[in-house]
Every structure is written in structure tokens, then in C-alpha cells.
Number of protein chains: 2
Amino acid sequence: MRDVYVLGVGQIPVTKEKDEPLREMAARAVRAALADAGVETADALYTGNMLSGMLSHQQHLGALVADAAGLRGVEAATAEAACGSGGAAMRWGYMAVAGGLHDVVVVCGVEKMTHTDRYETTRALATASDWPNEGAHGHSFVSLNAIIMQEYLRRYRANRSLFAAFALNAHHNAVTNPYALFQKAITIEKYEESPMVQAPIRLYDASPICDGAAAIVLGTAETAAARRDRRPRVRVAASAAATDSVGIADRRDVLAMDGVVASTRKAYAQAGVGPEAIDFFELHDAFTIMAVLALEAAGCAEPGKGLWLGADGEITLEGRIPISTLGGLKARGHPVGATGVYQLVETYLQLTGQAGPNQVADARIGMAQNVGGTGATVITHILERVD
Amino acid sequence: MRDVYVLGVGQIPVTKEKDEPLREMAARAVRAALADAGVETADALYTGNMLSGMLSHQQHLGALVADAAGLRGVEAATAEAACGSGGAAMRWGYMAVAGGLHDVVVVCGVEKMTHTDRYETTRALATASDWPNEGAHGHSFVSLNAIIMQEYLRRYRANRSLFAAFALNAHHNAVTNPYALFQKAITIEKYEESPMVQAPIRLYDASPICDGAAAIVLGTAETAAARRDRRPRVRVAASAAATDSVGIADRRDVLAMDGVVASTRKAYAQAGVGPEAIDFFELHDAFTIMAVLALEAAGCAEPGKGLWLGADGEITLEGRIPISTLGGLKARGHPVGATGVYQLVETYLQLTGQAGPNQVADARIGMAQNVGGTGATVITHILERVD
């Protein structure tokens, strides 16, 4: 396999503004990424998306986005793995370059989910669950995560307020990110006063419904070396995917994130590193409980101890394992099919010293992990600055 | 890149029976393919599907089908390119093996579309069009193909009845295929008497709405060589994808299938053959006009002459370029996200001498082409018997 490099990235601000057509959102991100990469075209485009058929009457986004972005004719298709769709598209793009099938590939993630009725959107999101056994019985991703969070509280006799640190960290990091949906900090008081959406999940434990698009251009070592700018080169040190049962009742344990364990282990093995080498971790904090469980399953904390990383300040930009460094799903926003690509864009910005006030000092290795459902699809990428 | 071999195939009968759960349909095909390949598991599963979110409230099929098929934990995701979704999944699986990422991969295509109201299904299918410019204005794939067929009739002063040969050929070839939806021949009289769905398209010009699932196992040369049976080895000699604008009004010419031209040319170049070397062609005959245009764009006939291949008997099992050898989309059926994989399964059966009464004599090279929309996504695979 060939080494794969990130040539450039593009993103549009996450929004609830509703007015831009789906294809234009995606095309803007793709054009920005191509410009950032300094290339005029690409051999292929893989688009991550989950909801466009249900909410926008539009499937077939691969060819549609390619055409709108000025890439008519190239190979193009859509990758879908629920909220892990962006990561899945990245995995496809990685394979195309690593495997020698293409030299320059664009990976895009796009989602438009604010223009429809909130109940319709929530129901569409529930198609990421095991529908006959979960969604059809009224479960939403809030209710499924409430079950998981409740069990965490019970098993570890955990203090519910400790979850606040994850929301506060995400909001703090989004303040200076111009692409974030919520560019404002929150206090512990505001968190505690926020509505209980579904016990024990408060509003600030959950990521918002929003629209967005992001893109990343991948290429070979030769293409990366040919760039004339002085920006550090960033290599994809690992690309890994694993799955688990979709329905949480089919898992061996409601708190067991076997998909995260398997996906992360594969990624560590490919990159030749362990969790201690990761300088920051763009994890899938769709809910605060998901951030906690991901940290534990990725080996950054023992089971039952992930929650304490927040209280101990270890997840901040200056901490041992910074997470959600530009706002995460909670505050940058979670336009579901686009999220995995936003994570990768932000990882690249950190590794190239472009994270502004949120720069993680001396960041050389960053991990981005995109999750579909409550842990059924887990796609992990490790990016590394190589010069 | 490594050579990629087909290790085995599986399919379930195409049906309108409605009663089997989506995941079970897919799992049955996957298990059949694994058994046929003589392997117990696989490294990854890529599932092609278009409609499950809209018609079955179920996205996230990758992980769901993997679990149902006994492959919990493996890498899994869904590929979507409208009616080209099965071919897109094959393309992903091909990349994974060719690129050295995985040694054994299963590609599955599944669609369940008969359990919902016919109008809802037709509307869901129209999400493969450029929705704001086509579907939203009431266009369906019947009406879009009617426009194209009408222009073909006008431009070439063609005799409408010549299209019958394509429907008759497909139905004739489906008679002895136990997996085909319509195992019965039709006559020219029956074709001419069939209802005019939308002029100039008669019922027998169009493929049916139906359910189905098919799967194919891919592996390396070493895995293929390790098999103990005496079945001929089949190599994937070419895998190619190209796109065109989704909306037909954006094409340079309503009859120009630039996506087919580009995709087929790439495939011929990779396989080192031309159209004359193709022993049979599993083309995307969603409508008779699509079969005619595909033959022309693939270099099997001059523009305006593809229609005559039917009248001259050249598309039959004994003809110069047999098509739809086990019924095609018209008579085997067109469960949209599964179709591309059915085509590949049938291509493999032909090349390994398992096509029964429909065997194309001395078939060594077969081409399968899966199309999304009216030609916007075109994925072409050439399979070759190598011993």
C-alpha cells in the first residue's frame, strides 16, 4: 500500500440557516478543499451522507455533488454508515489512494437537516438504530443514550454533574472557531439549569441538529511533496473500521463499546503507536456519555474512570488528552453525515498549526473517530505531521 | 495493485412476496456466497442499497447486515449510487482487495421495495433524479426514460416495435433462471398489447418493482488458488466508474451517454480488450431504451444502430453480443440496490459454466454494467475466466 497524505481541507460554517441547497453546501466545501490543496481537479469524489433521501428527496449525491463542484465525469458515490458516514467516505477515499487506484481524491461530508419538522428529523435519525427493535418502538438517539448514561451512573455510582465538564470544554473550544455553530462558552450553572431532555440527558449533554459540509483532499507522497507552500506535510498514519451490533440489546454489555475497542486497536497497530502517543483526540461526542465511553474504550482511561478526565482537566487544550479541540459535535455542531469529515479537517488544522487560539502545542499525532449509531460503526483515522 | 478473484456467489429469488425482513434477505445472500466460496468469514462487507431509509426506516445497513449474516465486528458500510448502488459496493470491495487492505471481502446488494404503496416507491425512486429540477416537478424514471426514448425515435426515425426484441430476449432468458421474477416468455403480440405506461414506454419496456438480494465474495489470487474444487477461476479484469450530470437537461445531448462511454473505455483499457472481445454483456436494461443506448455507448453498435441488434438477433444467447443472459433487469427483476450484484453473480455463473440452459458457449470474458439514474453513475466490471 502507498502512503496517503492530506493535500488540503475545506469547510463551510455549521448553521441552522436552512436556505442553501444541499448540493451547493457540499460543492462549496469541495471547491474550498481543492483550492486549499492547490489542485484543479481530482480522480474521484466520495461523499458521506445519511439523511438526504429522507429529508431532501435526494439520493445519488455522489454524481450530483461532483457535477456541482466542477468535477463532472469523475468516479463518484455516496458512503453511508449513519452518523459515521463521513468517516466511511474517508475510508473509501483512503483505500483509493493507498491501493493505487487513484492519485488525488476528494472526500466530502454533507448534511442538511434543519429545513424539516423537528419530529421528522428525529425520526429520520432513528433509522440509524435497529429500527424494528428500537426506532419502531419509539426510541430516538436521545432515549438510547439516556439508557446508556443511566447505566453508567448506576454501575459506577457516578456523580451526574461530572458530565458537565465535557459540555463546557466543547463550548469553550468553539468560541474562536468561525465554523462552529455555537461560538459561545457555557457555565456549570447554565449546564445544570438546562432542560432535562430525557433523564439523565440534559440539553447540554446532546449535540445539536444542524447543517454543514466539509471536504478533504487526499493524495500520494509525490503529490504532497510537489506542493510549493511551506505548510507541514500530514500523513494518514492509520485508517481502520469495525462494527458491533446495531441494537443495544444485542451487545454483550450496554456499556461495552466493542466497536470502538476494535477500531482503535487496529488504528494503533497500523500507526505503530498507543494511546499515550495521541496528542489530541477528535472523538464522537454526540452525547457526553459517548465521549466518556470512547475515552475508556480507546485506552485513555480505565472503565469507569473516563468521566474523571473531565473533572481533572485532562481533556482541555492543555490537558493530557485534549478532545473536541474546535468544539466537537457538541458545539461545532453535528450535521451527521458531515461530522466525520469536519473532525478530519480540524485534525489537519491542528497538525499544520492552523488552529489559532485553540492550537494544541506541539501537536504531531491526532486521532479522529467517527461513530454510527450508539457504537455500531466505528471508523478511526490517525493523522501524523511528518516534517 | 493485486489481482482480484471471485471466490463465490449467492443470491435469493427476486420476489414481490413482501414478507421477509430486509436484513434477512441480505444475510441469506451473504451466507450463500460465503458457503459457495468455501470460506467461513470475511474481513469486510460492503452493502449496496438505495431505498432502505425511505421505505423501511432503516439506514446503517452495513453493520446491520454484517451482524445478521454472522459477521459481527467486521468493517462494514453502505455504498449508494441510486440504481448503481450494487456496482458501487462492488467497486469498494474491489478496491479493498486490489489495494491490499483486505484479503477476503463480501459485497452485497439488497433492496426491499414492494411492501410500500406504489406511489411512495415511485417517488422514492425519483430521488435518483436531480430532485429540484426533475422529481419535484413530477418526473419519475418512467417519464425521464420516455423523453429519451421519444427523442431516439424522432432522431433516427426508428420503428417503435423494434424495441420489443429487447423485452422478448430478457423474458426468454429468464424462463429457466430459478432466481428470476418473471420465469415466462412473452410474445411480440403480448408486448404490443401491453399498456402504454407513459408514451412511448409500454409496460414491457420497463423493469419491475421487486425485492431481492445478491452477494459476491472477492479474494486474492492466493485465496482463489487455495480452493479445492475444480471450478474455473474468475478474475476481475477491470473495475471502472464514471459519472455524468444527474439532470438530463444538463447533458450535452439527451441521447449522449457520456458516463457509459467513459466508464466502458476505462474498463476496456484496464482489461486490455475492446468491445469485440466481450462474450456477453450484462447491461442495465431498466428500460429497453437504456439497453439500446448502452450498447451504442459501449461500442457494440454505432449511434442509431443499437436498436437493430435486437431485430438482427445479435443480443440472444447465440448472437454476437448476448445481453441479459439470465433475464436482465427486465425479467430477472430490478431490486434497485441489489441489481448491480445480481449482474455480477450472473456473469460469474456464465464464466464458470453454471448458467444451465442459458449458458453462453465458450464464455471467457463477461462485462457487467450498473447504472444510476438515466446514466449519471456508471460502474463497469469485466470478469475473465483464467483457467
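The values are calculated or read from the model by the stated rules, or taken from the named source; none is laboratory data. Since this is a predicted model, take the numbers as computed values, not measurements. Neighbour counts are summed over all protein chains in view; Cβ atoms, including those assigned to glycine, are modelled from backbone coordinates with ideal geometry.
Out of everything in segment B:96-105 that is under 23 Å from A:ARG265 (Cβ atoms) and assigned to a helix (DSSP H, G or I), what residue ends up being nearest to the other protein chains (Cβ to nearest Cβ)? Applying the filter and picking the extreme gives B:ALA96.
In segment A:222-269, the qualifying residues are those that are of a type in the set (A, V, I, L, M, F, W, C) and part of a loop (DSSP other than H, G, I, E, B), and the one that is surrounded by the most Cβ atoms within 10 Å (Cβ to Cβ) is A:VAL246. The residues of segment A:40-56 that are more than 8 Å from chain B (Cβ to nearest Cβ) and not polar (S, T, N, Q), listed by number, are A:GLU40, A:ALA42, A:ASP43, A:LEU45, A:TYR46, A:GLY48, A:LEU55. For segment A:139-205, the helices (runs of 4 or more DSSP H) that sit wholly inside it and include 2 or more residues that are among the hydroxyl-bearing types (Ser, Thr, Tyr) and at pLDDT 95 or above are A:141-156. Against the list (1) closer than 13 Å to A:ALA42 by Cβ; (2) crowded, with 24+ Cβ neighbours inside 10 Å, the condition A:GLU111 fails is (1). Consider segment B:143-160 and keep the residues that are under 19 Å from B:LEU329 (Cα atoms) and either in contact with a helix residue (DSSP H, G or I) (Cβ under 8 Å, 6 or more places away or on another chain) or among the basic types (Lys, Arg) (or both). The one that is farthest from the other protein chains (Cβ to nearest Cβ) is B:MET149.
Have a look at B:ALA89, B:ALA96 and point out the one that is touching a His at 6+ places or on another chain (Cβ under 8 Å) and in contact (Cβ under 8 Å) with a residue 40 or more places away in the chain. One residue alone meets the criteria, B:ALA96.
Only one of the numbered conditions (1) under 21 Å from the mean Cα position of the chain (by Cα); (2) of a type in the set (Gly, Ala, Ser); (3) more than 13 Å from every other protein chain (Cβ to nearest Cβ) is not met by B:ALA35, and that is (1).
Contact annotation: residue pairs with Cβ atoms under 8 Å, 6 or more positions apart or on different chains, pairing a residue in segment A:376-387 that is closer than 11 Å to A:VAL260 by Cβ with a partner that is among the polar types (S, T, N, Q) and not in a strand (DSSP E or B), are A:ALA376/A:SER245; A:VAL378/A:SER263; A:VAL378/A:THR264; A:ILE379/A:SER263; A:THR380/A:SER263; A:THR380/A:THR264. Return the residue satisfying two criteria in turn: it lies in segment A:332-387 and is surrounded by fewer than 24 Cβ atoms within 10 Å (Cβ to Cβ) and touching a Phe, Trp or Tyr at 6+ places or on another chain (Cβ under 9 Å), and of such residues it is nearest to A:ALA240 (Cα to Cα). Only one residue fits best here, namely A:ILE365.
Applying the criterion of being more than 18 Å from A:ARG332 (Cβ to Cβ) and surrounded by 24 or more Cβ atoms within 10 Å (Cβ to Cβ) to the residues of segment A:9-29, the residue that is farthest from the other protein chains (Cβ to nearest Cβ) is A:ALA27.
One residue stands out in segment A:175-221 among those that are aromatic (Phe, Trp, Tyr) and under 19 Å from the mean Cα position of the chain (by Cα): the one that is surrounded by the most Cβ atoms within 10 Å (Cβ to Cβ), namely A:TYR204.
Remark: pairs (first residue in segment B:245-256, of a type in the set (D, E, K, R); second residue surrounded by fewer than 21 Cβ atoms within 10 Å (Cβ to Cβ) and assigned to a loop (DSSP other than H, G, I, E, B); Cβ separation under 9 Å; 6+ apart in sequence or on different chains) = B:ASP250/A:ARG72; B:ASP250/B:ASN133. Could you check, for segment B:310-321, whether at least one of its residues is buried (at least 24 other Cβ atoms within 10 Å of the Cβ), closer than 26 Å to B:ALA158 by Cβ and in contact (Cβ under 8 Å) with a residue 12 or more places away in the chain? Within segment B:310-321, one or more residues are buried (at least 24 other Cβ atoms within 10 Å of the Cβ), closer than 26 Å to B:ALA158 by Cβ and in contact (Cβ under 8 Å) with a residue 12 or more places away in the chain. When segment B:270-293 is limited to residues that are surrounded by fewer than 17 Cβ atoms within 10 Å (Cβ to Cβ) and within 20 Å of B:ILE323 (Cα to Cα), the one that is farthest from the other protein chains (Cβ to nearest Cβ) turns out to be B:GLU276.
Reported count of residues in segment B:57-95, each being at the interface with another protein chain (Cβ under 7 Å from one of its Cβ atoms) and either among the hydrophobic types (A, V, I, L, M, F, W, C) or touching a Gly at 6+ places or on another chain (Cβ under 7 Å) (or both), is 16. The single condition from (1) within 12 Å of chain B (Cβ to nearest Cβ); (2) closer than 29 Å to A:SER239 by Cβ; (3) not in a helix (DSSP H, G or I) that A:CYS108 fails is (1).
On inspection, A:ARG91 qualifies as buried (at least 23 other Cβ atoms within 10 Å of the Cβ), basic (Lys, Arg) and closer than 20 Å to A:ALA338 by Cα. The set of residues in segment B:160-218 being of a type in the set (Ser, Thr, Tyr) and under 14 Å from B:SER324 (Cα atoms) consists of B:THR176, B:TYR179, B:SER207. The set of residues from segment B:111-134 being among the aromatic types (Phe, Trp, Tyr) and either within 12 Å of chain A (Cβ to nearest Cβ) or within 30 Å of A:GLY100 (Cβ to Cβ) (or both) comprises just one member, B:TRP131. Please verify whether segment A:288-302 includes one or more residues that are more than 20 Å from the chain's Cα centre (by Cα) and at negative phi. Within segment A:288-302 (the criterion being more than 20 Å from the chain's Cα centre (by Cα) and at negative phi), the answer is yes, since at least one residue qualifies.
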